[in-house]
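As structure tokens, the structure follows; a few thoughts come after it.
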Amino acid sequence: MDLRVLRSFVTVAEERNFTRAAERLHIAQPPLSRQIQQLEAEIGALLIDRSQRPLSLTSVGWLVYEQAQRLLGQLNTMQEVLSRAIGAEKRHFALGFVSSTMFARLPTLIRGFRRRAQSVELTMSELVTLDQVAALKEGRIDIGFGRIRVEDSAIRRIVLREERLVVAMPELHAPEDPDARVSLQELARLPLIAYPRFPRPSYADQVLAVFHDHDLVPRVAHEARELQSAIGLVAAEEGICIVPESVRRSQMDGVCYRELVEEASSPIIMSYRSGDQSPELVVMAHTIKEIYSDLGYPIPDGIQTLAGTGPAFT
């Protein structure tokens with residue numbers, strides 16, 4: 001007996017109307033009528049008295065309805081139990097990230113991890129570095145990707161690489177030569193857009209430190225909450241913004257990017273709980289190792305060590 005046909009019969013019995021039942025089942029009425037006729041032919045008796053309005057069930061129809069309800073209820077219960085069992089067996093891995101790392105190969109890393117760990121449920125949360133540290137210690141995330149060095153004995157940090165900083169400028173005020181470099185001394189005279197506004201310390205303090213290391217005091221005109229807001233303010237010609245080079249991939253009308261005369265960079269840091277050598281963390285290390293090898297990036301010692309603690313399962 002076809003369970004789909006039984007569900008259709010139960011719906012007709014509950015609605016006592018073929019039109020409403022068809023709408024509820026998201027099918028046309030003629031196929032629904034044929035399903036009920038098929039069921040009646042299989043049982044060998046009429047189940048619905050079609051001479052009455054609204055429709056009513058025959059005595060055999062009531063018996064089939066009660067049995068069908070019980071059977072479908074047991075099937076739903078079984079599906080729920082199986083779903084819970086499968087969910088309990090499935091491994092979970094939670095990742096935190098700062099917004100700028102989405103431009104710096106993080107999507108490639110996520111895709112690679114999912115291919116290697118298809119049985120793992122990966123969840124992601126956008127968190128500033130300080131919030132990542134708290135989330136790691138509380139067990140809300142298992143790994144974080146940020147840019148701030150935070151000293152905490154409970155957290156292990158690996159600097160994946162240093163990313164060069166560039167300046168995002170309004171197109172109207174940028175040098176016409178796309179290869180022209182801009183000095184920090186020139187930029188210190190222009191309004192600066194810093195992000196994030198809070199919490200501190202943050203990436204904003206890294207940028208301010210770059211100026212201070214060259215005995216310059218920038219003119220902070222705005223403090224944006226997030227990267228996209230900061231770039232939007234640049235497009236609005238409210239100032240300039242110092243950003244990681246990978247942000248060049250973010251296309252916004254009215255914004256162009258120029259390299260700095262001075263050498264300045266921001267680290268990409270992977271953080272996880274000290275002593276953690278979970279299979280998922282090892283897979284992440286293998287994935288980073290593979291991607292960095294393909295791109296020609298140096299592979300950090302910490303990633304080499306972590307990848308060596310176990311296989312990259314699939």
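Out of curiosity, is ARG53 part of a helix (DSSP H, G or I) and of a type outside the set (Ser, Thr, Tyr)?
Criteria not met by ARG53.
Select, from VAL128, VAL120, the only residue that is open to solvent by 20 Å² or more (accessible area, probe 1.4 Å), of a type in the set (A, V, I, L, M, F, W, C) and in contact with a helix residue (DSSP H, G or I) (Cβ under 9 Å, 6 or more places away or on another chain).
When all the criteria are applied, what remains is VAL128.
Applying the selection to region 268-290, what residues are open to solvent by 20 Å² or more (accessible area, probe 1.4 Å) and either touching a Leu at 6+ places or on another chain (Cβ under 7 Å) or assigned to a loop (DSSP other than H, G, I, E, B) (or both)?
Once the filter is applied, which keeps residues that are open to solvent by 20 Å² or more (accessible area, probe 1.4 Å) and either touching a Leu at 6+ places or on another chain (Cβ under 7 Å) or assigned to a loop (DSSP other than H, G, I, E, B) (or both), region 268-290 yields ARG273, SER274, GLY275, ASP276, GLN277, SER278.
Evaluate region 290-302: report whether one residue or more is under 23 Å from VAL133 (Cβ atoms) and polar (S, T, N, Q).
Taking every residue of region 290-302 in turn, none turns out to be under 23 Å from VAL133 (Cβ atoms) and polar (S, T, N, Q).
Determine if region 34-45 includes at least one residue that is among the acidic types (Asp, Glu), assigned to a helix (DSSP H, G or I) and free of Cβ contacts under 8 Å to residues at least 24 places away in the same chain.
The answer is yes; a qualifying residue exists.
Among the residues of region 213-229, how many are farther than 17 Å from ARG200 by Cα and part of a helix (DSSP H, G or I)?
2
Is it fair to say VAL159 is in contact (Cβ under 8 Å) with a residue 12 or more places away in the chain, touching a Phe, Trp or Tyr at 6+ places or on another chain (Cβ under 9 Å), within 15 Å of ILE268 (Cβ to Cβ) and not acidic (Asp, Glu)?
Considered against the rule, which asks whether it is in contact (Cβ under 8 Å) with a residue 12 or more places away in the chain, touching a Phe, Trp or Tyr at 6+ places or on another chain (Cβ under 9 Å), within 15 Å of ILE268 (Cβ to Cβ) and not acidic (Asp, Glu), VAL159 comes out as no.
Working only within region 237-256, note down all residues that are more than 23 Å from the chain's Cα centre (by Cα), surrounded by fewer than 16 Cβ atoms within 10 Å (Cβ to Cβ) and touching a residue at least 24 places away in the same chain (Cβ under 8 Å).
GLU237, GLY254
Quick one: would you say VAL81 is surrounded by 14 or more Cβ atoms within 10 Å (Cβ to Cβ), among the aliphatic types (A, V, I, L, M), assigned to a helix (DSSP H, G or I) and at pLDDT below 90?
no
Would you confirm whether or not region 259-267 contains a residue that is assigned to a helix (DSSP H, G or I) and not aliphatic (A, V, I, L, M)?
Scanning region 259-267 turns up no residue that is assigned to a helix (DSSP H, G or I) and not aliphatic (A, V, I, L, M).
Could you please give the count of residues in region 131-178 that are part of a strand (DSSP E or B), open to solvent by less than 40 Å² (accessible area, probe 1.4 Å) and of a type outside the set (D, E, K, R)?
Residues that pass the stated criteria total 13.
The values are calculated or read from the model by the stated rules, or taken from the named source; none is laboratory data. Bear in mind the structure is a predicted one, so any value in this text is a computation, not a measurement. No Cβ is skipped: glycine too gets one built from the backbone with ideal geometry, and neighbour counts run over all protein chains shown. Please note that ligands, DNA and RNA were not included when accessible areas were found on the heavy atoms of the full protein model with its side chains. Shrake-Rupley method; radii C 1.70, N 1.55, O 1.52, S 1.80 Å.
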